[in-house]
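Enquirer: Sending over a structure as structure tokens; questions will come in a sec.
The values are calculated or read from the model by the stated rules, or taken from the named source; none is laboratory data. Since we're looking at a predicted model, the values are computed, not measured. All Cβ positions, even for glycine, are placed from backbone atoms using ideal geometry, and neighbour counts span all protein chains on display.
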């Protein structure tokens, strides 16, 4: 840390303490409350600065490891209700705990995870809204669905700090001429939460239909992309995007970080954590070529290459 930064950190700590400010409300994506300082101002967030398996990451197609044992991920068809909240940091859908929407199979072994929270990220400019990137390219937005391990833990708060605690499913968002029907439902509800700390109830949302219809994905071990950056998340990045049209994206871009109407409003969108170093982690995928050998002789293969195609989804191009 640079010497001149120390007085500012002390001042921040004094302000938070004197106003009994919750750390959950204090952090932002810029300045002295931004990512560079998350792990310095709060000891409970030390992984934000010291962790070696942090998220998001840049997915490099020609470094993917094909794993033939990765099964499709299953998200149950159960419709859910919950609360849509403008936290001032992002737009979050907090699922009611009574629901029974589960996530299982794929890279999750025999564990079942209960869907708990959904974060919707988007950019103020096109192709500048996602946290995960593919071959250095950002996307218009990103849906992040979090679930907790219901076999090992009682709730999300307990699981988020524990081994095998959390699954994170990321679906990148692309602008097109139409909007996914469930995403449109959320966008419509978002008109009720224009300002910070506003919330509204959402009924009968299908998480399964909100996610792209694909069995293919990329997976790696990582962390939350917000404080405290706990390295307990099995990330699954879907191979197809979710679509939104310009009209609905514009509605999202009207959301604000201010608590009421302001002459110069601070917009909610356009913020996220920068990609983090991979640090020798393996990034696996079940995107495969047609097998050239007997199915009984499956093995992990390194000599497979992928790229972001014109629709910017991962795709096979060669087996050189």
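Yes/no per residue for (1) closer than 15 Å to residue 184 by Cβ; (2) in a helix (DSSP H, G or I):
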| residue | (1), (2) |
| --- | --- |
| 213 | no, no |
| 227 | no, no |
| 234 | no, no |
| 243 | yes, no |
| 252 | yes, yes |
| 271 | no, no |
| 274 | no, no |
| 280 | no, no |
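Enquirer: Among the numbered criteria (1) surrounded by 16 or more Cβ atoms within 10 Å (Cβ to Cβ); (2) closer than 19 Å to residue 222 by Cβ, which single criterion is violated by residue 162?
Expert: Unmet condition: (1).
Enquirer: Out of curiosity, is residue 185 touching a helix residue (DSSP H, G or I) at 6+ places or on another chain (Cβ under 9 Å), farther than 15 Å from residue 232 by Cα and at pLDDT 95 or above? Full working, then the answer.
Expert: Details: touching a helix residue (DSSP H, G or I) at 6+ places or on another chain (Cβ under 9 Å): yes; farther than 15 Å from residue 232 by Cα: yes; at pLDDT 95 or above: yes.
Spelling it out, residue 185 is indeed touching a helix residue (DSSP H, G or I) at 6+ places or on another chain (Cβ under 9 Å), farther than 15 Å from residue 232 by Cα and at pLDDT 95 or above.
Enquirer: For residue 52, all conditions in the list (1) at pLDDT 95 or above; (2) surrounded by 15 or more Cβ atoms within 10 Å (Cβ to Cβ); (3) part of a loop (DSSP other than H, G, I, E, B) hold save one; what is the number of the exception?
Expert: (2)
Enquirer: I'd like to verify a number: residues in region 188-207 that are more than 28 Å from residue 26 (Cβ to Cβ) and in contact with a helix residue (DSSP H, G or I) (Cβ under 9 Å, 6 or more places away or on another chain), how many?
Expert: Of region 188-207, the ones more than 28 Å from residue 26 (Cβ to Cβ) are 188, 203-207.
Still in the list and also in contact with a helix residue (DSSP H, G or I) (Cβ under 9 Å, 6 or more places away or on another chain): 188, 204-207.
Number of matching residues: 5.
To keep it simple, each residue is scored yes or no on (1) more than 21 Å from residue 79 (Cβ to Cβ); (2) crowded, with 16+ Cβ neighbours inside 10 Å.
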position: 132; (1), (2): yes, yes
position: 147; (1), (2): no, yes
position: 151; (1), (2): yes, no
position: 166; (1), (2): yes, yes
position: 174; (1), (2): yes, yes
position: 186; (1), (2): no, yes
position: 190; (1), (2): no, yes
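Enquirer: Spot the failing condition for residue 127; the list is (1) within 17 Å of the chain's Cα centre (by Cα); (2) closer than 24 Å to residue 105 by Cβ, and only one is missed.
Expert: With (1) within 17 Å of the chain's Cα centre (by Cα); (2) closer than 24 Å to residue 105 by Cβ applied to residue 127, the lone miss is (2).
Enquirer: Could you say which residue among 142, 137, 231 is surrounded by fewer than 22 Cβ atoms within 10 Å (Cβ to Cβ), within 19 Å of residue 270 (Cα to Cα) and either at pLDDT 95 or above or assigned by TED's automatic domain parsing to the domain that holds residue 67 (or both)? Don't jump to the end; show me each part of the working.
Expert: Details: 142 fails: surrounded by fewer than 22 Cβ atoms within 10 Å (Cβ to Cβ); 231 fails: within 19 Å of residue 270 (Cα to Cα).
That would be 137, the only listed residue that is surrounded by fewer than 22 Cβ atoms within 10 Å (Cβ to Cβ), within 19 Å of residue 270 (Cα to Cα) and either at pLDDT 95 or above or assigned by TED's automatic domain parsing to the domain that holds residue 67 (or both).
Enquirer: Taking region 74-103 on its own, how many of its residues are surrounded by 15 or more Cβ atoms within 10 Å (Cβ to Cβ) and out of contact with any strand residue (DSSP E or B) (no Cβ under 6 Å at 6 or more places or on another chain)?
Expert: 4
Enquirer: While we're looking at this one, here's another question. Just to verify a result, which residue in region 239-267, among those that are farther than 15 Å from residue 140 by Cβ and either under 16 Å from the mean Cα position of the chain (by Cα) or free of Cβ contacts under 8 Å to residues at least 40 places away in the same chain (or both), is surrounded by the most Cβ atoms within 10 Å (Cβ to Cβ)?
Expert: The selected residue is 239.
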